[in-house]
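Data first, discussion second: the structure below is written as structure tokens.
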Amino acid sequence: MKAGFRQSMAWLHTWTGLLLGWLLFAVFLTGTIAYFREEVTLWMQPELHGSVPGPNSAALAMQRLADIAPHADNWTIALPSPRSTTIDLLWRKPGEEGGRRSGERAVLDATTGEVLHPRETAGGDFLYRFHFELHGLPRELARWIVGIATMAMFLAILSGVITHKKIFKDFFTFRPHKGQRSWLDMHNMTAVLALPFHVMITFSGLVLFLYTLYPFVIEAPRRGQPPQAAQVQPQQMEAPPGQHGPRMGQVDTAPADLVAIGPLMRVAEERFGRPVGRIAVEKLQSPRPEIVLSARGADSLIAQGGGGGGGGTALRFDGTTGALIGAPPPRELSAVAAVNAALGTLHRARFADTWLRWLFFLSGIGGTVMVGTGLFLWVSKRAAKHARAGRTPSGFRLVERLNVGGVVGLSVAIGAYFWANRLLPVDLTNRADQEIRVFFGVWALACLHAFLRGPARAWPEQLGLAAILFAGMPLLNAATGGGDLVHTILQGNWILAGVDLAALLGGLAFAYAARATATPATARTARPPRAPSRPDDVPGE
């Protein structure tokens, strides 16, 4: 370790970043894409692209459930949202226990109520799960690995801040076409630009891994705290107007034994101050079924941290009279639990609207570039030294090639994952697993390609392939049953258009990088740069 505090921090910054850099790059990239995992999943199911939300989506869902699940004990309806254009149905039979994988499901066209049959796909959920659980490893082991990497990332950020005393000047400094100096400027710029995001995302990630890394830290429930499922005493309320009259013959009616859903939703939305996101019909086989309406989103980070839906914001109605029964009481959390819920919400961006989610996405891209440029800097800095010495250690050659496979190879694998979603037969057995196998197969081939071709050739070749895969996604979407980019923009369907545009811009960025790296590496590293006099110039000296 180097003498002096800042020199020691530079050493720590370099080696924590290198030893876990490839894993951190994968975690950052897949986690960044996972901010739009619902949109990615929708893109990967072109059978759903024709659905357009309408004003009668809730009534259509109730009518359809009455047809296909008349003997169920409860129904759950997820209504269209700014992130989804379809209606998702779930129902369970009497006596069937709840759970993520229990019950039967269906997807409806939000305009016609037609049952849709989307292809099987791992979708955005695979990238989301890979972000913190990797794949193919025992869950606890995988979380330990990612948790340790997250801790290393936090150390790298803190030591990087200490190392660079001119941190704000670095934000405004970029010198293009200067070889190693340009890579250092890009590393500093992306680090400083989203520094608050990087600190938040790594610290909140550590908090989410708290029970994995510190399993003995358990907060006991507060004494006397009422259970969350408790309800206030039933309130008597006049049934909403319009509940009586013809039932099955109107669009805004429900099954014969239930009140119309429309008036209940208007009452709930007036109280929530925002739209209803989920409808649950419980005790269907009893004389007094109940309807629970949950708000879309939440009005605080703490409430949203408790789960999806409205974070506990819900109203319960009598299903036969429409009278308001009550509402769940506010969640009572200790200060520790409240902070934990808020950090979890921030990390997952559960609270974010579309524009704020894009800001998180761009910040995540900045973090991904920061890690990638840091890995390249380690190689670029030492290449000149080894060239002067006339020998190249095997460890250096290994890192050179792993950089290609770990950085560009992963990007190629993600692009191939999207293409496999459209090119694999729709009726293929275990289709979602086959998509994942394509992802890992292409990634392994990219790593092998880096060793066979060498970094000088592998960089531009793989970057060029990544450019083709991502820039071609809008054309692939239009050619394989999805909506074409021009049509989705004119239609105002920014969920699908956003995925296509992001892929197109990513492809252009990869194309630029491929052109920049097409110049032989020796042309940029043979001339050694001026020896840095301060650790601000090149970290880890």
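L155 versus V52, label points 7 Å from Cα toward the beta carbon: distance in nm?
Rounded to a tenth, the inter-label distance reads 5.6 nm.
Just report the Cα centroid separation between the range 117-142 and the range 273-289, whole Å.
That distance is 31 Å.
Please compute the contact order of the range 292-444 in relative form: average sequence separation of alpha-carbon pairs under 8 Å and at least six residues apart, divided by the residue count, as a percent.
15 percent.
Just add up the charged neighbours of G454: K/R +1, D/E -1, any other residue whose Cβ is under 10 Å from the Cβ of G454. It would help to have the intermediate numbers written out before the result.
Working: positive: R397, R401, R453, R457; negative: E400.
Its environment carries a net charge of +3.
Order these by the 10 Å Cβ neighbour count, fewest first: R357, R397, R391.
R391, R397, R357
How far apart, in nm, are the 7 Å Cα→Cβ label points at V115 and S8?
Spacing of the two 7 Å Cα→Cβ label points: 6.8 nm.
Please list 57-63, 404-410 highest first by mean number of surrounding beta-carbon atoms within 10 Å per residue.
404-410, 57-63
Taking H placed 1.01 Å from N in the peptide plane, check which residues at least 5 places from V276 or on another chain put their amide H under 5 Å from its amide H.
R296
Work out Dmax and Rg for the range 404-501 from the C-alpha atoms and quote the Rg first, both in angstrom.
15.2, 47
Once the other residues with Cβ under 15 Å from the Cβ of E114 are scored (Lys, Arg +1; Asp, Glu -1), what is the net sum?
-3
Using the Karplus curve 6.51 cos²θ - 1.76 cosθ + 1.60 with θ = phi - 60°, work out ³J(HN,Hα) for each residue of the range 188-194 in order, rounded to whole Hz, and write x for Gly and Pro.
Each residue's phi maps through the Karplus curve to give 5, 4, 5, 6, 7, 4, 10 Hz.
Would you list Y211, Y417 from fewest to most Cβ contacts within 10 Å?
With the sparsest Cβ surroundings first, the list reads Y211, Y417.
Each reported figure results from applying straightforward, stated rules to the coordinates on display, with no laboratory input. Every value quoted in this text rests on a predicted model; they were computed, and no experiment measured them. So basically every Cβ, Gly included, is an ideal-geometry build from the backbone, and we count neighbours across all protein chains shown.
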